[in-house]
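The values are calculated or read from the model by the stated rules, or taken from the named source; none is laboratory data. This structure is a prediction, so every number in the text was calculated from the model and none was measured. Cβ: placed from backbone, ideal geometry, glycine included. Neighbour counts: every protein chain shown. Only protein heavy atoms, including side chains, enter the accessible area calculation; ligands, DNA and RNA are left aside. Shrake-Rupley method; radii C 1.70, N 1.55, O 1.52, S 1.80 Å.
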Amino acid sequence: MTMLDIIVPDNSARRDSARSSMQGTGSVLADVSCGVAGTSGDFRDIAKLLIERIDHGDLPEGARIPTVRELMRDHSVRKGTAVRAQRELRSLGLIRAVIGLGYVVGAPSDEVQSLPSVANQKKNAVDSIIGRIQRGEIAPHTRVATLKSLRTEFGASYETARSILMRLHFSGWAYMLINWGTFAVPPHFWPTKSITGVRRELPYFINSDSIPDLEMQLAVHLGFPGWEPPEGCANPHQ
């Protein structure tokens, strides 16, 4: 279940009702698409394109609708045109506003919906990923997440997603390899077993040609003095 599944309830019945008003005579779609075909300068043309994306499933229930700024950039239109395109979809009952996210696909709801604060968003994501590491759902030395997957799963912005990865690293549950990503710390190095704690001044691990070499750096970084790496370990990042 994604963050959007939690904050955006299933209003498929209301959405179907809204869609039914668009079917039959097709008058609504005809009104929306009465601009010049193939152009993007009219708000009705933009609205038509968004409706088609919704109908084809490219924008499923709960998906975020492009922002005004994104519509202005993608269709080379003024702010007023982009705003009217969004307003058109809202008047048709196809999208609703979610505080902190913008417009998402789905019939309007009488309940006020909002995203958790950024601080709670980060905490929820970090706690969720730590839980997966502890349960073995994310294996040692495997990638914990990407910026894209965090933005998709938790509805996080780019900066929030980046902050989530840094929190996992600085808390000792993950480590970062330049040009590779963020990976899960193995159980014998979990911060719950650390003696001296994490050295925050070492943000990335570099020049690690093998797992033993990498784990030696982890031992120093996470506070496991005197640890000796096992023999015969391959490097899964190669």
When region 58-107 is checked residue by residue, the ones that are in contact with a Phe, Trp or Tyr (Cβ under 7 Å, 6 or more places away or on another chain), farther than 19 Å from A156 by Cβ and part of a loop (DSSP other than H, G, I, E, B) are none
Listed by first then second residue, the pairs whose first member lies in region 47-75 and is under 19 Å from P108 (Cα atoms) and without any contact (Cβ under 8 Å) to a residue 12 or more places away in the chain, whose partner is among the charged types (D, E, K, R) and open to solvent by less than 10 Å² (accessible area, probe 1.4 Å), with beta carbons under 9 Å and at least 6 positions apart or on separate chains, are none
Log entry, pairs with first residue in region 83-99 being farther than 20 Å from D55 by Cβ, second being outside any helix (DSSP H, G or I) and hydrophobic (A, V, I, L, M, F, W, C), beta carbons closer than 7 Å, six or more apart or on different chains, reads V98/V8; V98/V104; V98/L115; I99/L115
Taking region 170-180 and keeping only residues that are surrounded by fewer than 17 Cβ atoms within 10 Å (Cβ to Cβ) and not in a helix (DSSP H, G or I), one is left with S171, L177, I178, N179, W180
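One line per residue, one yes/no per condition, for (1) under 21 Å from Q134 (Cα atoms); (2) modelled with pLDDT of 85 or more; (3) open to solvent by 30 Å² or more (accessible area, probe 1.4 Å):
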{"residue": "S157", "(1), (2), (3)": "no, no, yes"}
{"residue": "I164", "(1), (2), (3)": "yes, yes, no"}
{"residue": "L168", "(1), (2), (3)": "yes, yes, no"}
{"residue": "P186", "(1), (2), (3)": "yes, yes, no"}
{"residue": "I195", "(1), (2), (3)": "yes, no, yes"}
{"residue": "V198", "(1), (2), (3)": "yes, no, yes"}
{"residue": "L202", "(1), (2), (3)": "no, no, yes"}
{"residue": "W227", "(1), (2), (3)": "no, no, yes"}
{"residue": "G232", "(1), (2), (3)": "no, no, yes"}
Condition set more than 30 Å from I195 (Cβ to Cβ) and polar (S, T, N, Q), scope region 138-155, selection most open to solvent (accessible area, probe 1.4 Å): answer is T152
Expected output for region 111-130 (first residue closer than 19 Å to V144 by Cα, partner modelled with pLDDT of 80 or more and basic (K, R), Cβ below 9 Å, 6+ apart or cross-chain) is K122/R167; K123/R167; A125/R167; V126/R167
Restricted to region 208-225 and to residues being open to solvent by 40 Å² or more (accessible area, probe 1.4 Å) and in a loop (DSSP other than H, G, I, E, B), the residue modelled with the lowest pLDDT is P225
Subset of region 60-69, residues among the hydrophobic types (A, V, I, L, M, F, W, C) and crowded, with 21+ Cβ neighbours inside 10 Å, comes to I65
